[in-house]
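Worksheet: the structure to be examined is printed underneath.
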Amino acid sequence: MGISISMTNPPFSGVTETFTIAIFRNGTNAIYDRRTLSTGIPITAGQISNVALAKVDPDAVRSRNKMMDYTLTFLPKNSLKLGSVIVLTFPSTFRVDTSVSKNNYLITGLDDISEDVTVGMDISGNTLTLTSFAAITTPQLISLRLRLINPDIFGVTTPIYIRTYTNNQLTTLIDEDIVNAFSTIRKLRKII
């Protein structure tokens, strides 16, 4: 005999609490059988989709150590409550240009909480964190303009990790993509 139970997973990753399944006699409190799970069920992060890292200037050549403007777009899977954060972790081979903050900005997809509290973008080392945005009940495409310094090696880069969390403690992961935001750096010869 098997039992099928429909449940809705929580909107974030983690391990559920343990729970008990019991079979009762109809209309009574008499239990025929009971099973308590000794461990919770692991829930994996949602998959971020529509991920693309595209150069802003279509004629620009992606070459080694070149400072370039990119557009990064992605679509979170789950809604993001007020207080959620989005974290972009760049591979150590890329460098985020922090010399002029106007070169890294949000194009679309996140709204300010209010006139006084605007979307925050903090760059620390190779991590860019988006905070202070209004809750998103229906995920929409998020687009950022980024000025990056390409790696000093040619070939396919290590991807940018894109993750959403329930808060700035980064303890509860909601969605992630760790494979699709990459670039291909061309090997160019110097002309002497």
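Here are the numbers for the structure shown:
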quantity	calculated
Rounded if a/c under 1.5, otherwise prolate or oblate - region 114-180, Cα gyration tensor axes	prolate
Ordering of 85-97, 106-118 by packing [mean C-beta count within 10 Å, highest first]	85-97, 106-118
Spin-label zone in region 172-187 - amide nitrogen under 18 Å from a point set 7 Å from the Cα of residue 47 along the C-beta vector	174-182
Sorted peptide list for 66-76, 8-18, criterion being average Cβ within 10 angstrom, highest first	66-76, 8-18
Full-stretch length increase - residue 9, residue 26 - with 0.36 nm per residue and alpha-carbon distance subtracted	3.3 nm
Cα-based reach from residue 102 at 21 Å (exclusive), listing lysines while leaving out same-chain residues under 8 positions away	55, 66
Residue with peak Gaussian network fluctuation, the chain [Cα springs, cutoff 10 Å], from 166, 39, 20	20
Dipole in debye (nearest 20) - the chain, about Cα centre, beta carbon charges: Lys, Arg +1; Asp, Glu -1	820 debye
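A short reminder: the numbers here are calculations on the coordinates, not readings from a lab. Values in this document were obtained by computation on a predicted structure and should not be read as measured data. Methodologically, a virtual Cβ is constructed for each residue, glycine included, from the backbone with ideal geometry; neighbour enumeration extends over all protein chains shown.
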